[in-house]
Amino acid sequence: MEQYVIKGGNPLNGEVEIGGAKNAALAILAAAIMTDETVTVGNVPNVRDIKVLLQAIEEIGAKVERVDAHTVRINGSFIQNVSVDNEFIRRIRASYYLLGALLGKYKKAEVALPGGCDIGSRPIDLHIKGFRALGASVDIAHGLVVAEAKNLVGTHIYLDKVSVGATINIMMAAAMATGKTVIENAAKEPHVVDVANFLNSMGANIRGAGTDVIRIVGVERLHKTEYSVIPDQIEAGTFMFAAAVAGGDVLVKNVIPKHLEATTAKLLEVGCRVREFDDAVRVISDGRLLHTQVTTLPYPGFPTDMQPQMAVLLGIADGTSTVTESIFENRFKYVDELTRMGASIKVESNIAIICGVDRYTGARVNAPDLRAGAALVIAGLAAEGVTIVDDIYYIERGYEAFEEKLKAIGAQIEKAADEKDLQKFILKVS
């Protein structure tokens, strides 16, 4: 089992290039099968979740061509089967986007109940509510969500709580429904806007994405397009926090600074300097960090996917901080691992009370999920001694060439395949 092994204490300096947004790309690639013409999608991150989704799309008959590492060509005209189920697709959350795409195009879909990181309950009841409102019958049987309709008819849908997945899924299905659909209390995340823009580039009629009311006029068919996925705001935020925690001066390139405002605001609060450019942000930190309070909220609030990275930063900040998690109830599973590295964190209900310590110390830790795994790597960059992070397949679900990008800005990190690699690295850095 591969691991990351990290020698802490090196400040980070230089430039890092951010890839395409995983969460946007997953939905866009699913939506690409909604036309019988060929769709080309660029700036696709070359990560595990994307590979699993493309394999599932291929298995139902679509033609999938990897033009290069970050460009995919898809033709959905060859689809013979609307049932998506294999052991891999059950492991990723984004499998449910195939429900909206297949239901919209074929008026029928069978997709395995989604998996993903165990960060808390992520029910699909709002997705089902939306599909039913559009006129579909939806059942769950044998581990599959089965949705079917003679015809989808536009309607008014109010989401009881803000849900990115439900907003995107309903938007996809409604794009090919008869008449007009209005989604109220819609999610406003950048990747919701990106999926809407992608669908519009294929001939859909979607207005209001990025606000809490989305209006969709259904069209009969969609056509070919060429589209580029937006940069990944969470990958960008992770490298911004890595620079803040380890200290140094890092230019994070290929970003949309507007999408990073909540992250940038917190870095300024804790004493970092942040400069914004048209498509880049520069983070300068001397490693001396101040305490603060943060609450995760739907966009444009502070993202739940940046919460573990924030906690790692506050763990070595002066004074006492609090982190309130308002979205996923299991998001603090990394706390025990961070405590092994010397952190002083107490969790009460959905609030982590963090008393800053002088430094982290290297330890062997497990990545409990994607974002927490990346956060533990960041802790290792600032720790005294050597840190080993196990279960890095979680991290590879959403970060491409993570250790290579960190090495390029001065981190001492390697991917170790076995104990021999581990000892070789330790010998090299000791």
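Apart from one condition, Arg93 fits all of (1) closer than 15 Å to Ala173 by Cα; (2) touching a residue at least 60 places away in the same chain (Cβ under 8 Å); the exception is (1).
Ala416 satisfies every condition listed in (1) open to solvent by less than 10 Å² (accessible area, probe 1.4 Å); (2) within 29 Å of Thr292 (Cβ to Cβ); (3) over 17 Å from the mean Cα position of the chain (by Cα); (4) among the small types (Gly, Ala, Ser) except (2).
Taken over segment 377-400, the criterion of being among the aromatic types (Phe, Trp, Tyr) and either in a loop (DSSP other than H, G, I, E, B) or buried (at least 24 other Cβ atoms within 10 Å of the Cβ) (or both) is satisfied by Tyr399 alone.
When segment 220-277 is limited to residues that are acidic (Asp, Glu) and assigned to a loop (DSSP other than H, G, I, E, B), the one that is farthest from the chain's Cα centre (by Cα) turns out to be Glu220. With surrounded by fewer than 24 Cβ atoms within 10 Å (Cβ to Cβ), outside any loop (DSSP other than H, G, I, E, B) and without any contact (Cβ under 8 Å) to a residue 60 or more places away in the chain as the only criterion, which of Val281, Val347, Val323, Val294 stands out? Just a single option satisfies the conditions, and that option is Val347.
If we scan segment 114-137, do we find a residue that is part of a strand (DSSP E or B) and either of a type in the set (A, V, I, L, M) or surrounded by fewer than 19 Cβ atoms within 10 Å (Cβ to Cβ) (or both)? Looking through segment 114-137, at least one residue is part of a strand (DSSP E or B) and either of a type in the set (A, V, I, L, M) or surrounded by fewer than 19 Cβ atoms within 10 Å (Cβ to Cβ) (or both).
The residue list Arg73, Arg66 contains one member that is under 19 Å from Glu400 (Cβ atoms), open to solvent by 50 Å² or more (accessible area, probe 1.4 Å), at pLDDT 95 or above and of a type outside the set (A, V, I, L, M), which is Arg66. Residues of segment 152-172 that are open to solvent by 10 Å² or more (accessible area, probe 1.4 Å) and under 14 Å from Arg215 (Cβ atoms): Gly154, Thr155, His156, Tyr158. Scan segment 1-43 for residues that are open to solvent by less than 20 Å² (accessible area, probe 1.4 Å) and among the polar types (S, T, N, Q) and jot them down. Residues satisfying the conditions are Gln3, Thr35. Checked against (1) of a type outside the set (Gly, Ala, Ser); (2) touching a strand residue (DSSP E or B) at 6+ places or on another chain (Cβ under 7 Å); (3) surrounded by 20 or more Cβ atoms within 10 Å (Cβ to Cβ); (4) not in a loop (DSSP other than H, G, I, E, B), Phe332 meets all criteria but (4). When segment 235-259 is filtered for residues that are among the hydrophobic types (A, V, I, L, M, F, W, C) and either surrounded by fewer than 24 Cβ atoms within 10 Å (Cβ to Cβ) or modelled with pLDDT under 95 (or both), the ones remaining, listed by number, are Leu251, Ile256.
The values are calculated or read from the model by the stated rules, or taken from the named source; none is laboratory data. Keep in mind that this is a model prediction, so the values were computed, not measured. Virtual Cβ from ideal backbone geometry, glycine too; neighbours counted across all protein chains shown. The protein model used for the area step is the full one, side chains on, heavy atoms only, and it has no ligands, DNA or RNA in it. Shrake-Rupley method; radii C 1.70, N 1.55, O 1.52, S 1.80 Å.
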